[in-house]
Amino acid sequence: MSEEQIKNSEAERSRSLEAEFEARIARDEKIEPKDWMPEKYRQTHIRQISQHAHSEIVGMLPEGNWITRAPSLRRKVALLAKVQDEAGHGLYLYSAAETLGISRDEMYHQLHTGKAKYSSIFNYPTITWADMGAIGWLVDGAAIINQVPLCNTSYGPYARAMVRVCKEESFHQRQGYEIMLKLCNGTPEQKEMAQDALNRWWWPSLMMLGPTDDMSVHTEQSMKWKLKRKTNDELRQQFIDQTVPQADILGLTIPDPDLKWNEERQSYDFGEIDWDEFWQVVKGHGPMNKERMKARVGAWERGEWVRDAAMAYAEKQQQRKNKQVV
Amino acid sequence: MSNKKNWPLWEVFVRSKNGLEHRHFGSLHAADAEMALENARDVYTRRNEGVSIWVVESKHITASNPEHNGELFEPAQDKVYRHPTFYDLPDDVKHM
């Protein structure tokens, strides 16, 4: 065979592998780490899973801010458990990403140098205790809507990690809503605090469901790979429809004058989202972007001697054991 | 990225209750086996998911290659005589 013939037959082989791969996904078969996969599938999954993991890790910071100042022991143990879950979720997801051939070290490097993104919601400040309520209720609520379809995604390790995450996440939302409920049944000042938190977190929560369908560059490919089962706009509508009645029970007002029940659509119409703000925050100009990265990188650097010491200790123990065997 | 030695990767297997086998739960990084067990407890059994944990360094696992699934698993496909339904027996025969 000539060189060109070899090249052609290789291209043909890759095309047929790809067709077989797409057919497997269409049949709802799962893809496992050692299976053949198109390079783009691998890269897209590394990007999405690692960004998801980064979001869990950075997501601990806004809430960590309130652990020492929780108003009661009950609230404190719940918040601690929630933040610990987020660390766990980050670890499940990093492990899933590692099965695609990227190292943990490389992922941390991408996060710390700003190459990898994380959910932009965590670049907003948590200035009152009510923010813990609003985050649990709205941010975790939006996250659940994003995550439930991922339990059926085509990449096995990601789907399995998401099953665990989703199981644990529902307590997060309930603890947040309970905080809101308590404040709303409290003094007028406490209720005012809850309303203020809703005012600040409502729009960023809607943005969490991602750019509108006509602006979203990844939707089509992601739907094909079942990395997405519903479009951003569908998810956003679902979030609004289920959250508005919850706000009514709290006696709070959603900060959107255009919000209105649409009898014909059996859904809420809602106002224009400020996408300029969204892109500003994504690009690093949100109120807390710098602060979050400083805290994250600082924690990583201050922990370096601990990681090194643990490794040195493990190596020494191993050497001692080897010597005994001799 | 540092050139320093990173904590190796471990695979975690958990028995959710006595009577069931250990099942693969996921993986994590730890400096040694003892730390891997402790981390596995915190990462994978925060809600009573297990009564026993195994950890093994990932590099010690040898896995089959899915590209060789043909020669590996196909030989079992044409051996219907390994299944009870292959054998013709009259309906009158009971308890078999």
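The values are calculated or read from the model by the stated rules, or taken from the named source; none is laboratory data. These figures come from a predicted structure and were not determined experimentally. Note that each Cβ is placed from the backbone with ideal geometry, even for glycine, and that neighbours are counted across all protein chains shown. When the accessible area is computed, the model is the full protein with side chains, heavy atoms only, and any ligands, DNA or RNA have been set aside. Shrake-Rupley method; radii C 1.70, N 1.55, O 1.52, S 1.80 Å.
With a ≥ b ≥ c the root eigenvalues of the C-alpha gyration tensor of the range A:6-160, is it rounded (a/c under 1.5), prolate (a/b larger than b/c) or oblate?
Taking the square roots of the gyration eigenvalues as a ≥ b ≥ c, the range A:6-160 is prolate.
Between A:Ser95, A:Ser267, A:Ser222, which gets the highest mean-square fluctuation from a Gaussian network model of chain A, Cα cutoff 10 Å?
A:Ser267
How high is the relative contact order of the range A:91-224? Use alpha-carbon pairs under 8 Å, at least six apart in sequence, and give a whole percent.
Working: 108 pairs, mean separation 39.6, N = 134.
Over the range A:91-224, the number comes to 30 percent.
Please state the relative contact order of chain A as a whole percent: Cα pairs under 8 Å, 6+ residues apart? All intermediate terms of the calculation are to be shown ahead of the outcome.
On the way: 322 pairs, mean separation 57.5, N = 326.
Worked out over chain A, it gives 18 percent.
Between exposed trypsin sites (Lys or Arg not before Pro) in chain B, where DSSP calls loop and at most 13 other Cβ atoms lie within 10 Å, what's the longest gap? Write down the numbers at each step before the final one.
Values: sites that count: B:Lys4, B:Lys5, B:Lys17, B:Arg46, B:Arg47, B:Lys79, B:Lys94.
Of all site-free stretches, the longest is B:48-78.
Sorted by accessible area with a 1.4 angstrom probe, largest first, how do A:Glu178, A:Glu291 fall? List each step's numbers first, then the result.
On the way: A:Glu178 70, A:Glu291 90 Å².
The ranking, largest first, comes out as A:Glu291, A:Glu178.
Per-residue HN-Hα couplings for the range B:5-17, Karplus 6.51 cos²θ - 1.76 cosθ + 1.60 at θ = phi - 60°, whole Hz, x for Gly and Pro?
Karplus values, whole Hz, x for Gly and Pro: 6, 8, 4, x, 8, 10, 9, 10, 10, 10, 8, 6, 7.
Loop only by DSSP, 10 or fewer other Cβ within 10 Å of the Cβ. Give me the trypsin sites (Lys or Arg not before Pro) in the range A:245-316 that pass, ordered by residue number.
When the trypsin sites (Lys or Arg not before Pro) of the range A:245-316 are filtered for loop state and at most 10 Cβ neighbours within 10 Å, A:Arg265 remain.
Pulled fully out, how much extra length does the chain show between A:Ser72 and A:Phe171, if you take 0.36 nm times their separation in residues and subtract their Cα-Cα distance? All intermediate terms of the calculation are to be shown ahead of the outcome.
Numbers: separation 99, 0.36 × 99 = 35.64 nm, distance 1.80 nm.
Length gained, A:Ser72 through A:Phe171: 33.8 nm.
Do any trypsin sites (Lys or Arg not before Pro) in the range A:1-88 lie in a DSSP loop with no more than 16 other beta carbon atoms within 10 Å, and if so, which? Can you show the working numbers first?
Values: sites: A:Lys7, A:Arg13, A:Arg15, A:Arg24, A:Arg27, A:Lys30, A:Lys34, A:Lys40, A:Arg42, A:Arg47, A:Arg69, A:Arg74, A:Arg75, A:Lys76, A:Lys82; in loops: A:Arg27, A:Lys30, A:Lys34, A:Arg69.
Passing both the DSSP loop test and the Cβ count: A:Arg27, A:Lys34, A:Arg69.
Shielding of B:33-43 by partners, i.e. mean partner chain Cβ atoms within 10 Å per residue?
Values: counts 3, 2, 3, 0, 0, 0, 1, 0, 0, 4, 9.
Partner Cβ neighbours, averaged per residue: 2.
Of the candidates A:Pro188, A:Pro255, A:Pro62, which one comes out as most mobile in a Gaussian network treatment of chain A with C-alpha springs shorter than 10 Å?
A:Pro188
Normalised by the empirical 2.2 N^0.38 Å for globular proteins, what value does the Cα Rg of the range A:262-326 take?
Values: Rg = 26.1 Å, N = 65, 2.2 N^0.38 = 10.7 Å.
So the range A:262-326 has a normalised radius of gyration of 2.43.
Using the Karplus curve 6.51 cos²θ - 1.76 cosθ + 1.60 with θ = phi - 60°, what ³J(HN,Hα) values do you get for each residue of the range A:64-72, in whole Hz, with x for Gly and Pro?
Per-residue couplings from phi come out as x, 3, 10, 4, 6, 10, 4, x, 8 Hz.
So who's got an amide H within less than 5 Å of the one on A:Tyr155, skipping anything under 5 residues away but keeping other chains? H placed 1.01 Å off N, in plane.
For A:Tyr155, whose amide H was placed from the backbone, the distant partners under 5 Å are A:Ile31.
Tell me whether chain A comes out rounded, prolate or oblate; compute the Cα gyration tensor, take square roots of the eigenvalues as a ≥ b ≥ c, and use a/c under 1.5 as the rounded threshold. List each step's numbers first, then the result.
Details: a/c = 2.22, a/b = 1.26, b/c = 1.76.
Oblate.
Counting only helical runs of four or more DSSP H residues, what would the 222 nm mean residue ellipticity of the protein assembly as shown come to if each run contributes -39,500 (n - 2.57) and the total is spread over all its residues?
-18000 deg cm²/dmol
What chymotrypsin sites (Phe, Trp or Tyr not before Pro) does chain B have in DSSP loop regions with at most 11 other beta carbons within 10 Å? Walk me through the numbers on the way to the answer.
Working: sites: B:Trp10, B:Phe13, B:Phe25, B:Tyr44, B:Trp54, B:Phe73, B:Tyr81, B:Phe86, B:Tyr87; in loops: B:Tyr87.
Filter output for chain B: B:Tyr87.
Please turn the phi angles of the range A:191-205 into ³J(HN,Hα) values with the Karplus equation 6.51 cos²θ - 1.76 cosθ + 1.60 (θ = phi - 60°), one per residue in order, whole Hz, x for glycine and proline.
With the stated coefficients, the range A:191-205 comes to 5, 4, 5, 5, 4, 4, 5, 4, 4, 7, 9, 4, 5, x, 5 Hz.
Please give the Cα centre distance for the range A:228-288 versus the range B:41-83, rounded to the nearest Å.
44 Å
Taking amide H positions as placed in the peptide plane 1.01 Å from N, state which residues far from A:Ser267 in sequence (5 or more) or on other chains have amide H under 5 Å from it.
The list, which skips near neighbours in sequence, is A:Asn262.
Shape verdict for chain B, please, from the Cα gyration tensor: rounded (a/c under 1.5), prolate (a/b greater than b/c) or oblate.
Details: a/c = 5.45, a/b = 1.91, b/c = 2.85.
Oblate, since a/c reaches 1.5 and b/c is not below a/b.
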